[in-house]
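This report refers to the structure that appears directly beneath it.
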Amino acid sequence: MDKKKKYILLGLGILSGSIFEILKEKRQKEEINLLKNKINKLGHCHNEFIMYQGKYNDDNDELLEELNERVSYLEEETTSNYDHIVEVSKDIVRGD
């Protein structure tokens with residue numbers, strides 16, 4: 001093989017290697033962009049979930065407060081009714 005053919009083969013090898021690296025880099029950039037899009041979608045989904053969870057917790061806190069108020073009212077009402085029943089029972093036993 002003469003020198004000219006060796007240089008042509010070497011040039012073709014370098015050219016094909018360069019083309020391969022350029023295609024490889026392009027494919028990597030596309031994959032990176034795809035992954036970035038997926039991460040952004042996941043981030044939006046996570047943020048929406050956090051907002052929904054916060055609203056759900058706030059609603060539950062309000063319901064819990066309302067239930068606690070109802071329970072305390074029922075406890076007071078039950079206690080006053082019980083005291084009234086005891087007094088009426090005492091009155092009946094005394095014969096008043």
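The values are calculated or read from the model by the stated rules, or taken from the named source; none is laboratory data. Note that this is a predicted model, so its numbers are computed, not measured. In case anyone asks, the SASA skips ligands and DNA or RNA and just uses the protein heavy atoms, side chains included. Shrake-Rupley method; radii C 1.70, N 1.55, O 1.52, S 1.80 Å.
Some points to look at:
- Test: residue in region 70-80 that is open to solvent by 100 Å² or more (accessible area, probe 1.4 Å) and under 17 Å from the mean Cα position of the chain (by Cα): no
- When region 2-27 is filtered for residues that are of a type outside the set (A, V, I, L, M), open to solvent by 90 Å² or more (accessible area, probe 1.4 Å) and modelled with pLDDT of 95 or more, the ones remaining, listed by number, are Phe20, Glu21, Glu25, Lys26, Arg27.
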